[in-house]
Amino acid sequence: AAFKQAAPHIPTAVIYCADTEVPWFLRHGLGRFIAACDYAKPIHLQMNSRSRLCIAALEKRPLVPWTIDDPALAERMLRLGAEGIVTNCPQTFCAPGSGVR
């Protein structure tokens, strides 16, 4: 929240997952309200049509799930409404014939 206040022109995101090491109130992206972020970044396992409706459509925040290194999973996330993905293997998606748009 402090960063967003100091630099409102820089897009920010909140990353989250349901891991028990994460405080319970942050496991489903509620930090987006605290941080006033522009993007929601759920772990790909939490990306579904319901999360798309709740976060992207109702709150007007793009969803960018993480970490996706498989082109088939990337396509599934894009079909669910993801605006992009976070990956460790960008070369996989840049290769000719990767099939990912």
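The values are calculated or read from the model by the stated rules, or taken from the named source; none is laboratory data. This structure is a prediction, so every number in the text was calculated from the model and none was measured. Side chains included, ligands, DNA and RNA excluded: accessible areas come from the protein's heavy atoms. Shrake-Rupley method; radii C 1.70, N 1.55, O 1.52, S 1.80 Å.
Below are the figures for this structure:
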{"item": "The chain - convex hull of the alpha-carbon atoms, volume per residue in Å³", "result": "113"}
{"item": "Solvent exposure of the chain as accessible area per residue, Å², 1.4 Å probe", "result": "62"}
{"item": "Residue-averaged [θ]222 nm for the chain, counting only DSSP H segments that reach four residues, each worth -39500 (n - 2.57)", "result": "-5500 deg cm²/dmol"}
